[in-house]
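Report on one structure; see the data block that follows.
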């Protein structure tokens, strides 16, 4: 079974940990890469999110209200050859950033498995798993929610989740 890690991560000012050069989800995705040797792909927005926390929240809320689909750079040609996708994202506004919705709607997920993982500061996975199920034909396995403040100390949790 060939695996792919797809992640979106925010760098810059962070709600609970201050300014970060490597986003919490980016760190988590790299841990998954070390543990699985899966291929890795970062969703990089064509129009970057602000590094300023308040501005980023405003942009995220607006995108959620408008049900936007922000585009990302360097799209993959397809997901052929991958059976399992680790989908990693921060919890924004009770779900995932709209750029993740763009990704989910762009590709064919028939006969694919998605294992969702999010970083959060109290909301857990919220409605993100239900939204993944509504946007794809993938089999969605139980997800993992990691507090952003614990992202750099969660290797054991991630290892355990991967093995399930």
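Numerical summary
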quantity	calculated
Estimated distance in nm for a label pair at residue 13 and residue 71, the labels positioned 7 Å out from Cα along Cα-to-Cβ	2.9 nm
Share, in percent, of DSSP beta bridges within the stretch 3-163 that are antiparallel, nearest 5	20 percent
Two-site FRET efficiency, residue 121 against residue 47, from Cβ-Cβ distance with R₀ of 25 Å, rounded to 0.05	0.50
Relative contact order %, the chain, counting alpha carbon pairs below 8 Å whose residues are six or more apart	24 percent
Ellipsoid equivalent to the chain - semi-axes via the Cα gyration tensor, in Å	22, 19, 14
Highest-MSF residue in the chain out of 110, 152, 120 [GNM, Cα springs under 10 Å]	110
Contour excess over end-to-end distance, with Cα ends at residue 78 and residue 21 and 0.36 nm allotted per residue	17.6 nm
Most fluctuating residue given options 43, 84, 135, as computed from a GNM of the chain linking Cα atoms under 10 Å	135
Max mean-square fluctuation residue, GNM over the chain, Cα-Cα springs under 10 Å, options 125, 117, 79	79
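Taken together, the values in this text are just the output of simple stated rules run on the coordinates, not laboratory data. Since the structure is predicted, the reported quantities are computational estimates derived from the model, not experimental observations. Heads up, the Cβs are rebuilt from the backbone with ideal geometry, glycines too, and the neighbour counts pull from every protein chain shown.
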